Structure formats: structure tokens, C-alpha cells
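The values are calculated or read from the model by the stated rules, or taken from the named source; none is laboratory data. Just so it is clear, the model here is predicted, and its values are computed rather than measured. FYI the Cβ positions are ideal-geometry reconstructions off the backbone, even for glycines, and counts take in every protein chain you see.
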Amino acid sequence: APARIGVTGLAVMGSNLARNLARHGFRVAVHNRSTARTKALIADHGHEGDFVPAETLQELVGSLQRPRQIIIMVKAGAPTDAVIDELVPLLEAGDMVIDGGNAHYADTRRREAALREAGLHFVGTGISGGEEGALNGPSIMPGGSKESYEHLGPVLEAISAKVDGVPCCVHVGPDGAGHFVKMVHNGIEYADMQLIAEAYDLLHRVGGQTPAQIADVFRGWNTGDLESYLVEITAEVLGHTDPDTGAALVDVIADEAEQKGTGRWTVQEALELGVPVTGIAEAVFARSLSGRVDQRRAVREAFGASQVAARPDESLVEDVRQALYASKVVAYAQGFDQMRAASAEYGWDLDLGAMATIWRGGCIIRARFLDRIREAYDKNPELASLLVDDYFRDAVNSAEEAWRRVVVKAVTAGVPAPGFVSALAYYDGLRSERLPASLVQGLRDFFGAHTYRRTDRAGSFHTLWSGDRSQVDA
Ligand code: NDP
């Protein structure tokens with residue numbers, strides 16, 4: 001019998017996805033450029049389900065039922081284009097090419113347009129959850145045509161994570177929508193991790209707590225509003241002792257954070273769209289700063305390392321918890337704003353509540369909190385900001401004083417907390433009756449005759465700053 005679906009690219013992600021498919025009873029054709037990986041998959045896991053090994057792409061294509069569905073799981077970028085170019089001449093109208101790699105959404109838009117021209121469906125699909133998720137149920141974010149989802153939806157939903165019986169997979173929207181949403185997911189992940197790291201740093205340097213003690217704090221937090229995969233694994237990481245030195249492992253790990261680039265993409269796209277995603281940007285920059293080792297040393301030597309006297313007080317742990325929660329609400333609000341802006345820009349008609357739904361399981365930012373986001377958008381799909389939803393408004397309101405105390409403590413002690421600080425500034429920015437943008441406009445008009453609008457009448461105005469300083473209509 002022909003195979004239901006094919007997978008090409010059998011490194012860790014592709015082989016785990018193929019196994020997940022096979023375990024769900026789908027007959028799955030598998031292919032890899034170098035046949036060794038295909039053979040290894042069959043040898044090690046062939047007994048787990050119904051695999052059809054293929055040595056060539058022709059063979060893979062020939063083994064599939066029509067319309068054909070082929071998942072590409074190779075390195076993003078040029079390798080993905082190479083595989084698509086090789087595949088397309090072998091396919092027929094109506095066949096579906098699914099790219100499950102971490103593609104940039106602009107590449108996905110380009111590929112989708114090209115394949116549509118050739119009568120094929122191109123389905124750029126975000127897949128989150130790493131290798132574990134690929135095997136046991138990831139969060140899946142497919143873009144592409146509605147028609148392709150009619151064929152693919154049942155398969156992808158079957159292998160996705162489930163929360164309360166609901167699959168963590170939904171048709172996100174046309175062309176690059178799936179990969180865009182996956183990108184923002186990763187950006188939010190950056191922000192979330194940065195905020196968690198700042199919370200740890202404050203409890204450590206201001207609170208004087210050991211990593212093991214902070215692990216307990218996070219374990220406690222994971223039973224409340226902050227319950228999430230990242231908070232859970234933070235307790236694990238902080239509680240881990242280095243077997244070689246007996247020290248807390250976190251104290252032995254070099255403090256230079258690396259990045260693969262999806263956080264940077266998120267910020268670049270936010271800049272294009274004009275959406276302030278300050279939480280994600282601070283997280284990306286904080287990683288960059290940590291990696292500038294020579295510069296860090298030079299500044300530390302010039303000024304002396306910042307001296308922090310631990311000043312634990314009764315309220316610190318609870319204050320930091322509240323600051324973390326409020327800042328997290330801001331980071332998510334910004335990420336959702338970015339998806340909304342892209343949806344308008346590209347005509348994707350994204351259902352934001354559905355995005356929160358499919359992130360509840362399988363992916364790195366899975367959290368209890370996402371149920372609240374879904375409820376907020378269910379109540380009002382046109383929400384001006386997540387912050388104004390009743391639940392989040394109350395949460396931020398009640399956290400506000402603690403949040404300010406934490407920012408003051410961080411700033412006073414000289415412990416960098418760019419995530420907490422910028423989240424608070426964002427909130428204060430949106431709340432302000434008047435912003436000094438009025439002065440910025442005045443300055444722009446002064447040196448560049450860029451004009452300004454007035455609060456009391458319509459139109460554009462320019463002041464003759466170097467002349468008689470009178471105002472003229474522009
Ligand atoms: P890699 O990104 O390491 O890619 C290795 C695979 O790509 C191998 O199968 C390799 O074939 C194939 N490949 C590379 N170049 C070519 C080419 N020119 N032509 C054909 N095949 C090529 O594998 P991963 O499993 O880590 O990731 C796969 C995709 O999934 C990537 O896009 C990644 O970004 C994405 N992803 C990864 C996650 C993760 O946690 N690792 C999570 C979510 C998505 P060969 O064996 O012949 O060299």
C-alpha cells in the first residue's frame with residue numbers, strides 16, 4: 001500500500017517526527033540525503049511502526065498516496081531550497097510540500113508563491129518542542145492554504161501535543177503565517193528566559209540565596225500563576241550540582257548566552273512593523289552583552305565590579321514573583337501585538353486566541369497562563385492590548401507596587417534587570433496621559449521641518465524656528 005506521508009531529512013528532528021507519525025499508525029515513507037541515517041532509523045526504530053525506507057527522492061515520491069504529502073526536515077536556508085528544487089519536478093498538481101524546519105517566514109512566503117505557481121501547496125510549518133516534542137507531541141503551527149490543511153490537519157493534529165484533549169495544532173493562516181508565529185513564539189521564549197534569569201539574579205545577589213534555595217523558590221512558584229515548563233526546568237537547573245566540583249552547576253557554567261537567531265529575527269521584524277517588543281529586544285541584547293567578554297572585562301576593570309551587598313528582606317521573594325509575572329504579561333502582550341500587526345500587514349486573519357491554545361502544550365513556552373490569554377481573546381478578539389483584559393489588568397494592578405519595588409532594588413543595588421525595567425517603562429509609557437513625544441516632534445520640526453500635529457486643531461504645522469517663530473500650515 002502507498003504511504004500516507006513522507007519525511008525527508010532524518011537528523012534528530014526528522015527521525016523523531018517520522019517515529020511519532022509511525023507510532024500513530026501512519027504508514028510513513030522516510031528518506032535522507034545520505035542513506036546511513038535512513039538505515040539507522042529503520043534498524044533502531046523500524047519495529048515501532050510502518051516505515052517505508054527510500055534511497056532516493058524519486059523512490060520517496062513514488063511510494064506516496066496522492067495527493068502526496070512530504071515533510072522536509074533539513075537545515076533551514078539553502079539546504080531547504082536545494083531539497084525543494086530537487087523535489088518539485090517529481091511532483092504533480094495538488095501535492096503538498098511541508099517545511100517543518102526553522103525557516104524565516106519571508107523565505108516561506110517566497111517558496112509558497114513559487115510552488116503555488118507550479119500548482120503545488122507549500123506548507124511552512126513551525127514546530128516547537130525540540131527533539132523531545134517531535135517524538136512525543138510538539139506544538140505545530142502550519143501555514144499554507146486552507147485546502148492543504150484539510151488533508152494535513154488530521155495527521156498533524158494526531159501527532160501534536162494535546163492539552164485537555166485539544167490538539168496543539170491549528171491552521172495558522174496563509175503562506176508564511178505559520179513560520180511567523182513560530183518566530184514570535186521563540187521571541188517570547190527569549191523574553192521569558194531573560195525575566196526568569198533576572199529573578200534568579202536578584203534573589204541571588206540581593207536576596208543572598210543559594211542556587212539550591214532559589215530552586216525551591218521556583219518549585220513553589222510552579223504551583224501558582226507562574227506554572228510553566230520554563231519555571232519547572234529552572235528549578236531543575238538551579239538544583240543541579242556539578243559532579244566534578246560539588247558546586248551548583250549554574251555557578252560553573254560560563255555566563256555567555258548564545259543564540260541561533262530567531263529572537264533576533266523577531267526583533268528585526270518588529271522594527272519593520274513598528275511594534276515595540278521591548279521585552280524580546282532586551283532579552284536578545286542581554287545575550288549579546290553577556291557574550292562581549294573583552295568589553296565586560298574592560299569596563300569592570302575601569303570601574304571595579306559592581307558591589308552588591310545582599311540585603312534580603314521579608315518581601316523580596318514575593319515581590320520578585322509579582323515583578324516576574326507582571327513583566328511576563330507585558331512580554332506576551334508585546335508578542336501578541338506583533339502577531340496582530342503582521343496579520344494586518346499580510347492579510348493573514350490570525351486567530352490570536354488559537355495561538356495561545358496551541359502553545360499550551362508541546363512547546364517551550366507552555367504555561368498555565370496561556371489559558372488566560374485564550375480566554376481574553378475569546379472574550380474580545382479585538383483587544384487593544386492583553387493588558388486591558390480584565391484578568392490581566394487586575395493581575396498587573398495588584399503586582400504594580402511590588403514590581404516598582406523590585407525595579408528600585410535592582411537599580412539601587414546595581415544588578416542589571418533590563419527585562420523588568422523595560423517592561424515597567426513600557427507599561428508606564430502606555431499609561432501616561434502625555435508623553436514627551438511632543439518635544440521630540442518639536443525638535444524634529446526645528447532641525448528638519450518635519451512638521452507636527454496639534455492637540456487642538458487638525459492639520460500639519462511647521463514653526464519658522466529661525467525666522468519670526470510663527471506657525472505656518474504645512
Ligand atoms: P539539522 O538542522 O542538523 O540538519 C541536518 C539534516 O539536514 C540532515 O538530514 C542532513 O542530511 C540534511 N541536509 C543538510 N543539507 C542538506 C542538503 N543540501 N540537501 C539535503 N539534505 C540536507 O537537523 P535537525 O534535525 O536538528 O533540524 C531539522 C530542522 O528542524 C532544522 O531546520 C531546524 O532548524 C529545525 N528545528 C530544529 C529543532 C531542534 O530542536 N533541533 C526544533 C525545531 C525545529 P545528511 O544526513 O545527508 O547530512
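Summary table below
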{"read-out": "Long-range neighbours under 7 Å by Cβ, at least six apart or interchain, first residue in contact (Cβ under 8 Å) with a residue 40 or more places away in the chain within segment 298-322, second among the aromatic types (Phe, Trp, Tyr)", "value": "Arg321/Trp221; Gln322/Trp403"}
{"read-out": "Sole exception among (1) within 27 Å of the chain's Cα centre (by Cα); (2) farther than 23 Å from Gly173 by Cα; (3) surrounded by 12 or more Cβ atoms within 10 Å (Cβ to Cβ) for Gln338, by number", "value": "(2)"}
{"read-out": "Positions within segment 295-313 being more than 34 Å from the chain's Cα centre (by Cα), assigned to a loop (DSSP other than H, G, I, E, B) and of a type outside the set (D, E, K, R), in sequence order", "value": "Gly304, Gln307, Ala309"}
{"read-out": "Yes/no for Ile42 being of a type outside the set (D, E, K, R), assigned to a strand (DSSP E or B) and either loosely packed, with under 15 Cβ neighbours inside 10 Å or at pLDDT 95 or above (or both)", "value": "no"}
{"read-out": "Hits in segment 414-425 (condition: under 15 Å from Ala399 (Cα atoms) and buried (at least 16 other Cβ atoms within 10 Å of the Cβ))", "value": "Phe420, Val421, Ala423, Leu424"}
{"read-out": "Whichever residue in segment 1-30 is more than 13 Å from the ligand (Cβ to nearest atom) and either in contact with a Gly (Cβ under 6 Å, 6 or more places away or on another chain) or part of a strand (DSSP E or B) (or both) and, among such residues, is farthest from Gly137 (Cα to Cα)", "value": "Ala3"}
{"read-out": "Elements of type helices (runs of 4 or more DSSP H) contained in segment 355-474, each with 2 or more residues being of a type in the set (Gly, Ala, Ser)", "value": "390-413, 418-431, 437-448"}
{"read-out": "Options Pro154, Pro174: the member that is surrounded by fewer than 20 Cβ atoms within 10 Å (Cβ to Cβ) and touching a Phe, Trp or Tyr at 6+ places or on another chain (Cβ under 8 Å)", "value": "Pro174"}
